[in-house]
Amino acid sequence: MTLAADVARCAGIELADCSLDQVCAVCQRRTDRSAFPLLVWMSPPPAQPCAQYIPRQSEPPQ
């Protein structure tokens, strides 16, 4: 599933060891890229669990 162009994308939360937070690594807000030239971006959440998390279509909601 591709997200609509007006759904905000997120870079995710980077941990101290330069890896991504486990939830951010699979969040569709981070992994989906649109072909639309002007994407909307949001700041990563200050803490987990993220209220803006979008699971992949194949995984159950958390």
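Quick note: the coordinates plus some simple rules give every number you see, no bench work behind them. Because the structure is predicted, anything quoted here is derived from the model rather than measured. Reconstructed Cβ throughout: ideal geometry from the backbone, glycine too, with neighbour counts over all protein chains shown.
General observations
- Build a GNM of the chain with springs between Cα atoms under 10 Å apart, and of A11, A25, A51 the one that fluctuates most is A51.
- More than 13 angstrom apart: percent of Cα pairs within region 1-54: 55
- When you filter the trypsin sites (Lys or Arg not before Pro) in region 1-50 for DSSP loop state and at most 15 other Cβ atoms inside 10 Å of their Cβ, you are left with R33.
- Full-stretch length increase - A8, V26 - with 0.36 nm per residue and alpha-carbon distance subtracted: 4.9 nm
- Near the amide H of R9, within less than 5 Å, lie the amide hydrogens of V40, W41, M42, all on another chain or at least 5 residues away, with H placed in the peptide plane.
- Per-pair calculated FRET efficiency, R0 = 25 Å: S19 and R56 via Cβ, rounded to 0.05: 0.85
- Value of relative contact order over the chain, rounded to a whole percent, pairs C-alpha under 8 Å and six or more apart: 41
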